[in-house]
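Presented below is the structure to which this report refers.
The values are calculated or read from the model by the stated rules, or taken from the named source; none is laboratory data. Every value quoted in this text rests on a predicted model; they were computed, and no experiment measured them. Here the Cβ positions follow ideal geometry from the backbone for every residue, glycine too, while neighbour counts run over all protein chains shown. Calculation scope for accessible area: heavy atoms of the full protein, side chains included, ligands and nucleic acids excluded. Shrake-Rupley method; radii C 1.70, N 1.55, O 1.52, S 1.80 Å.
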Amino acid sequence: MKHFSTEEWVDFVNQVIASNQREAMQKHLATGCKRCMETVSLWQKISKTAAAEASYQPSADTVRLAKASYLTTRLNTMQKEPRNLIEVLFDSFLQPAVAGARSVVIGTRQMLYRADPYQIDIQIEPKPGSNRLVITGQLLDLSHPGIIGRDIQVTLSNRRGNTVLAPTNQFGEFSGEIENSGDLELSIPGDGDRPIVISLRNALGNLPGGEP
């Protein structure tokens, strides 16, 4: 007795076979072949279950409750996530220019930031005769008064693929040079997995040394 394959019986249940093939398979079932009858029965049950799942739609109340539950969980997670808030305490470019000050002094920018747990002192100046910036600074760990931010990896980037690593020394000081692309980004490890990122566009403005 010739038996049909599982693939053929799946097509039989889904009614995607030629009429003559279907007639031959029906005659085979009429002989009482237990093996093939069990295969057909199994795939008929699977087909009915799949059809029922496809037509199922949850009620509007169920959908609304699910969305509300997700939003509440997301809000609680966001509230628990540490946030590295950055506060500008001082920026020399925001101060009134001193009458008679030399351009070489004006071309240097000094900034002071507060980004827990650090206080970050930054100075930016152009490197004479080149299109590079010289960045120096110091970290103070505010969570431990009197303790200098030592051996902290400071990363300088011009956001054009040029990155410089400038680890702090025993005094919490760091220094590095980078090509002046018009952008400057300084990154420091923060709480958890979120770094402290200070981004400055056109760090020296349009003052001498500020044009990339």
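If a/c stays under 1.5 just call it rounded; otherwise compare a/b with b/c (prolate if a/b is bigger, oblate if not). Do that for the range 11-54, with a ≥ b ≥ c from the square roots of the Cα gyration tensor eigenvalues. Mind showing how you got there, number by number?
Numbers: a/c = 4.15, a/b = 1.48, b/c = 2.81.
Cα axes put the range 11-54 in the oblate bin.
Roughly how many Å is it from the Cα centre of the range 1-54 to that of the range 165-196, as a whole number?
With the range 1-54 and the range 165-196 each reduced to a Cα centre, they are spaced 69 Å.
ASP116: accessible area at probe 1.4 Å, nearest 10 Å²?
80
Go through the range 2-17 residue by residue and turn each phi into a ³J(HN,Hα) via Karplus (6.51, -1.76, 1.60, θ = phi - 60°); whole Hz please, and just put x for glycine and proline.
Taking θ as phi minus 60°, the curve returns 7, 9, 8, 7, 4, 4, 5, 6, 5, 5, 5, 5, 7, 6, 10, 10 Hz for the range 2-17.
How would you order 159-166, 35-42, 18-25 from highest to lowest mean count of nearby Cβ atoms within 10 Å?
35-42, 159-166, 18-25
To the nearest 10 Å², what's TYR113's accessible area with a 1.4 Å probe?
Here the residue's solvent-accessible area equals roughly 10 Å².
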